[in-house]
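Q: Next up is a structure, given as structure tokens.
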Amino acid sequence: MNMGPLSGWVFSMILASWALTEARTPPSPPVTDTTLFQVASSLRMYVDELPLIPKLFGYTVVNGVPQPANLTIGMYKTTWKFHRDLPVTTVFAYGASAANASVPGPTIEAIQNIPTYVTWENFLPQSHILPWDPTIPMAIPKNGGVPTVVHLHGGISPPQSDGHPLAWFTANFAETGPTWTQRTYTYPNTQHAGNLWYHDHTVGLTRVNLLAGLIAPYIIRNVSLDARLNLPLGPVFDRVLMIFDRSFNSDGSLYMNSTGVNPTIHPQWQPEYFGDAVIVNGKAWPYLRVERRRYRFRIINTSNARFFRLSLTNNLAFTQIGSDGSYLPNPVATQAIVLGPAEGADVVVDFSTTAASESVLTNDAPYPYPGGNAVDQLNSKVMKFIIQPGAPSQTDHSHVPPNLKTYPIASNAIGGANTTRYITLYEYLTPAGTSTHLYINGLRFEDPVTETPRAGTTEVWEVINLTSDNHPFHMHLAAFQAVKIQQLVDLAGFTSCMTRLNDAILCNITSHATGPLVDVPPTERTWKNVVKMAPGYKTTLVVQFFVVDNAHSPYPFDPTAEPGYVYHCHILDHEDNAMIRPMKLVH
């Protein structure tokens, strides 16, 4: 097995002596968990109203016909008020200008099959507002500045517009990464209607740039489908909920640990970031006044590492209609929704079904997931819905139809799959049991490409998780879904063999993948861009390398162009060190 970065770290540590003194902001004084908890505990819940995220339209209308639009969006250092009683917080934020930059950034609303063009601009300062670790694979500009590059998560985008981790650039494009090519990105919007989001994707800095605030929604609409489904619609009754967690110092500044779990190897890196305060749309534990009618909530977990298992109090339930960027074939009534980082759920809640005057959105997911700490009185609460008395202000004509959207069925595609690949997730530990780094297939990000799918084909990816964590597995460009989840038997023996040989076939995966089967949840039986990988299991994915909608369509661009794509764990601390691999499509 390739254990390469341990030798690479020696060189990295030489770089670190320069980077830590010349390019990195001084580490904050030690802050205890108790202090952070006290700061979050001092913030009264449900006193700030849920913000309505600003919106930019990714199209124009000419004579009643939608046409492509050109947007310019910058990344700015600004301040943000996360809670009424918390001092302002310095953040990085997306916005059409410095004056209206926000956390989250503006929703881009696009229309299916109408392209959107976005020029991304970097106005970030010379130094980062958070500590970062130069000993992991890292974008380090020679002349300072904060590197950034934007990825449309879930987007079917040309390689040059996908936000490749090495396509970063600093302010005014003073320096660019090795795969940077252009200032303006093209988003064809040819995929099915659904909920996406955009965020920073710079190699080694993704976790700190997102933590600083570089997240925002992106919605693709199909107007005729909206009319047919007749789901709740409009800015009041159709809302995005971006949920994430943060910790704050007493002066309001964002807290991020500045000492690693293995500081002699990585001065700053820790395997997961968990915040004490739960934020929705930029406010800590907000409230939303709702009428006794149906609402649609497009929920996206934009945390660095936290999973959420969401429920509603007072006997309210979710009707889930979509997962990530696509609809479910049929609605699913459910009392709870489990979302890994970067995973989404599209739900309808009917507030007329309870006599209560309020309902709290709660969380009970352990952290790390699934075998970590139990939630406490802070991270077990998300937000409150205050249900107004009496009938709604206008008759609610929306409904949830019994049939939503029909896509090609994943299990039917297995027989026509061109290739089966084995993808194994590893975590490397010190003798004391603390994490040093994580790899896919025992390879570094910078090692040669080993996944070269043919454009227009179907593949089966057998993802084997040999770690103790559940990893939200994300692939750029491709649509995929789980069709089989099976526990591994004699996990210790199989892991021992894989540690020596790093070859699932030679280690006889067929005899180990014979444990109990776990049903794919009904809420996840659609084409997704994130699938949770349970520890000690083999998850079978059907992966489509073409546009999946009403029928199979080729990509409307050359997907084999440079710089290609990537796939990775979406726990950002894992992705940065270095659970990410390149993927290059071929003809």
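Q: Take the residues in segment 336-379 that are over 23 Å from the mean Cα position of the chain (by Cα) and under 15 Å from Val278 (Cβ atoms), then tell me which one is surrounded by the fewest Cβ atoms within 10 Å (Cβ to Cβ).
A: We begin by selecting, within segment 336-379, every residue over 23 Å from the mean Cα position of the chain (by Cα); these are 349-360, 376-377.
Imposing the further condition that a residue be under 15 Å from Val278 (Cβ atoms) reduces the set to 360, 376-377.
Numbers: Val360: 19, Asp376: 12, Gln377: 10.
It comes out as Gln377.
Q: In addition: If we only count strands (runs of 3 or more DSSP E) wholly inside segment 505-587, which ones have 3 or more residues that are closer than 26 Å to Leu210 by Cα? Outline the logic, then answer.
A: Numbers: elements: 530-533, 537-544, 565-569, 580-583.
Filter on segment 505-587 gives 530-533, 565-569, 580-583.
Q: Same structure, new question: Any residue in segment 79-102 that's modelled with pLDDT of 95 or more: show its pairings with residues that are part of a strand (DSSP E or B) and surrounded by fewer than 15 Cβ atoms within 10 Å (Cβ to Cβ) at Cβ separation under 6 Å, as long as the two are six or more apart or on different chains.
A: Val88/Thr79; Thr90/Thr79
Q: How about segment 548-573: which of its residues are of a type in the set (A, V, I, L, M, F, W, C) and at pLDDT 95 or above? Reasoning before the result, please.
A: Here is the first cut: in segment 548-573, the ones of a type in the set (A, V, I, L, M, F, W, C) are 548, 551, 557, 561, 566, 569, 571-572.
Passing the criteria: Phe557, Ala561, Val566, Cys569, Ile571, Leu572.
Q: Going through Ala110, Ala93, Ala69, Ala139 one at a time, which residue ends up being assigned to a loop (DSSP other than H, G, I, E, B) and either open to solvent by less than 40 Å² (accessible area, probe 1.4 Å) or more than 29 Å from Asp226 (Cβ to Cβ) (or both)? Explain how you work it out, then say what you get.
A: On the way: Ala110 fails: assigned to a loop (DSSP other than H, G, I, E, B); Ala93 fails: assigned to a loop (DSSP other than H, G, I, E, B); Ala69 fails: assigned to a loop (DSSP other than H, G, I, E, B).
So the residue among Ala110, Ala93, Ala69, Ala139 that is assigned to a loop (DSSP other than H, G, I, E, B) and either open to solvent by less than 40 Å² (accessible area, probe 1.4 Å) or more than 29 Å from Asp226 (Cβ to Cβ) (or both) is Ala139.
For (1) farther than 21 Å from Leu210 by Cβ; (2) among the aromatic types (Phe, Trp, Tyr), each residue gets a yes or a no:
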| position | (1), (2) |
| --- | --- |
| Asn70 | yes, no |
| Lys81 | no, no |
| Arg84 | yes, no |
| Thr90 | no, no |
| Tyr94 | no, yes |
| Ser102 | no, no |
| Glu109 | yes, no |
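Q: Tell me whether segment 462-470 contains one or more residues that are surrounded by fewer than 18 Cβ atoms within 10 Å (Cβ to Cβ), out of contact with any strand residue (DSSP E or B) (no Cβ under 8 Å at 6 or more places or on another chain) and closer than 21 Å to Asp576 by Cβ.
A: no
Q: So which pairs qualify, if the first residue must be in segment 265-278 and under 27 Å from Ser42 (Cα atoms), the second must be open to solvent by 20 Å² or more (accessible area, probe 1.4 Å) and at pLDDT 95 or above, the Cβ gap must be under 7 Å, and the two must be at least 6 apart or on different chains?
A: Gln270/Val261; Glu272/Pro368; Phe274/Tyr367; Asp276/Phe37; Val278/Lys381
Q: Give the residue, chosen from Arg454, Arg444, that is within 23 Å of Val548 (Cα to Cα) and either modelled with pLDDT under 95 or surrounded by 14 or more Cβ atoms within 10 Å (Cβ to Cβ) (or both). Show your work before the answer.
A: Numbers: Arg444 fails: within 23 Å of Val548 (Cα to Cα).
So the residue among Arg454, Arg444 that is within 23 Å of Val548 (Cα to Cα) and either modelled with pLDDT under 95 or surrounded by 14 or more Cβ atoms within 10 Å (Cβ to Cβ) (or both) is Arg454.
Q: Next question. Can you list residue pairs whose Cβ atoms sit under 8 Å apart, with the first residue in segment 545-558 being closer than 18 Å to Thr186 by Cα and the second being at pLDDT below 90 and not hydrophobic (A, V, I, L, M, F, W, C)? Count only pairs 6 or more apart in sequence or on different chains.
A: Phe546/His552
The values are calculated or read from the model by the stated rules, or taken from the named source; none is laboratory data. In this text, all values refer to a predicted model and were calculated from it rather than measured experimentally. Quick reminder, even Gly has a Cβ in these numbers, built from the backbone with ideal geometry, and neighbours come from all protein chains shown. Quick note on the areas: whole protein, heavy atoms, side chains included, nothing else; ligands and nucleic acids left out. Shrake-Rupley method; radii C 1.70, N 1.55, O 1.52, S 1.80 Å.
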